[in-house]
Amino acid sequence: MSKRIDAKDLNVYYGDFLAVEGVTMTIDAQAVTAFIGPSGCGKTTFMRSLNRMHEVLPGARVSGQLMLDGDDIYDPAVDPVTVRTMVGMVFQRANPFPTMSIRENVLAGYKLNGARISRSEADDIVERALRGANLWKEVESRLDKPGSSLSGGQQQRLCIARTIAVKPDVILMDEPCSALDPISTLAVEDLIAELKQEYTVVIVTHNMQQAARVSDKTGFFNIAGTGKPGKLVEYDDTSTIFNNPRDQATEDYVSGRFG
Ligand SMILES: Nc1ncnc2c1ncn2[C@@H]1O[C@H](COP(=O)(O)OP(=O)(O)OP(=O)(O)O)[C@@H](O)[C@H]1O
């Protein structure tokens, strides 16, 4: 099920360093939201706060509020591991477990959660997740081969299959195509368009054309200078951000004048 995210005045810290300041935004369900902005403006940091991955670093913390369909994911009673199941993440470099087969990779989330499932349930999960990641046809005859035997683009779709296997509500993608060739990039972009039917998708990208192609809404982050916190400068429909932004800095960034 796809869920909405509401951030209210969210600050994200590394120890004493305030990396991202005062983000208030609603990320829509069943939509793709892109985060863009120059290097170091806090896109990845903010994204990692959305599934409580940020706090795994020593001293890293957040203040403010973050709600998933109205439930506070930073409530002390909430288990961060549960949050990370509901809000899955796909990384810049495809990271299948190298010693595991394709099938085992898809099921890795279940294994980590300690779930006991029958062989036929596992078969269903594997097929559903690989179909959902547009990879089934390419791998159905070699599910027992290592995940590392796939091409880079296939490995990234395998990581997406691993993420959707546990039925998350939200999928976070941190520059998921930056290590891929143009054909594999297209396959992942097509997949993103399909994923939004069922999931809330958030993507960090440096590629303006990609943000324009795949996202419904775009948030532009910026920093005033080194050592200053990143801020959400403008957030709107993607067409508005690219064609008619309010802020001069957004206009300069999307037109390639800085960053
Ligand atoms: N582990 C860390 N410890 C301390 N500071 C960090 C850490 N990771 C990132 N930062 C700092 O937080 C700020 C935001 O970094 P972040 O990686 O989120 O930016 P970004 O917009 O995603 O950049 P890029 O586009 O280059 O990936 C930067 O000043 C960065 O140096």
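Proximity of backbone amide H atoms, modeled 1.01 Å from N, is registered between MET89 and LEU172 at under 5 Å, excluding neighbours fewer than 5 places apart on the same chain. What is the stretch 156-259 by shape, rounded, prolate or oblate, if you read a ≥ b ≥ c off the alpha carbon gyration tensor as root eigenvalues and call it rounded for a/c under 1.5, prolate for a/b larger than b/c, and oblate otherwise? Here the stretch 156-259 falls in the prolate category. Maximal additional length on extending the SER239-LEU57 stretch stands at 61.9 nm, based on 0.36 nm per residue less the C-alpha distance. Label separation (ASP190 vs ARG93): 2.8 nm, computed from points 7 Å beyond Cα along the C-beta direction. A Förster distance of 45 Å, applied to the separation of the beta-carbon atoms of ASP181 and THR226, puts the FRET efficiency at 0.85. Of the complete DSSP H runs in the chain, none spans 27 angstrom or more by Cα along the long axis with a mean Kyte-Doolittle score not below -1.0. Counted residue by residue at 0.36 nm each, then reduced by the alpha carbon distance between them, the extension gain from ASP6 to SER141 reaches 44.4 nm. Taking all Cα pairs closer than 8 Å and separated by 6 or more residues, the relative contact order of the stretch 45-117 comes to 22 percent.
Available extension along the chain between ASP28 and GLN197 is 59.6 nm, counting 0.36 nm per residue and deducting the alpha carbon span. By the compact-protein rule of thumb, 2.2 N^0.38 Å, the alpha-carbon radius of gyration of the chain corresponds to a ratio of 1.01. A straight line joining the Cα centroids of the stretch 109-156 and the stretch 220-258 runs 39 Å.
Shape of the stretch 37-185 from its Cα gyration tensor (a ≥ b ≥ c, root eigenvalues): rounded if a/c is under 1.5, otherwise prolate when a/b > b/c, or oblate? Taking the square roots of the gyration eigenvalues as a ≥ b ≥ c, the stretch 37-185 is oblate. Put simply, the amide H of ILE203, placed in the peptide plane, has neighbours under 5 Å in THR33, ALA34, PHE35, MET173, leaving out anything fewer than 5 places away on its chain. With viscosity 1.306 mPa s and temperature 10 °C, the Kirkwood radius over alpha carbon pairs of the stretch 134-213 converts through Stokes-Einstein to a diffusion coefficient of 120 µm²/s. The 3J(HN,Hα) values that the Karplus relation (6.51, -1.76, 1.60; θ = phi - 60°) gives for the stretch 36-53 are, in residue order, 10, x, x, 4, x, 7, x, 4, 5, 4, 5, 4, 5, 6, 6, 10, 6, 7 Hz. Gly and Pro appear as x.
The residue list MET208, MET100, VAL20 was ranked by how far each Cα lies along the charge dipole of the chain toward its positive end, using unit charges on Cβ atoms, and MET100 comes out on top.
Beta-bridge orientation, the chain: approximately 60 percent antiparallel, per DSSP, counting only bridges with both partners inside. Taking a ≥ b ≥ c as the square roots of the eigenvalues of the alpha carbon gyration tensor, the stretch 87-170 is rounded, as a/c is under 1.5.
Bear in mind that the values in this text are calculations on the coordinates, not laboratory data. Computed from a prediction, not measured in an experiment: that's the story for all the values here. Note: ideal-geometry Cβ built from the backbone for every residue, glycine included; neighbour counts use all protein chains shown.
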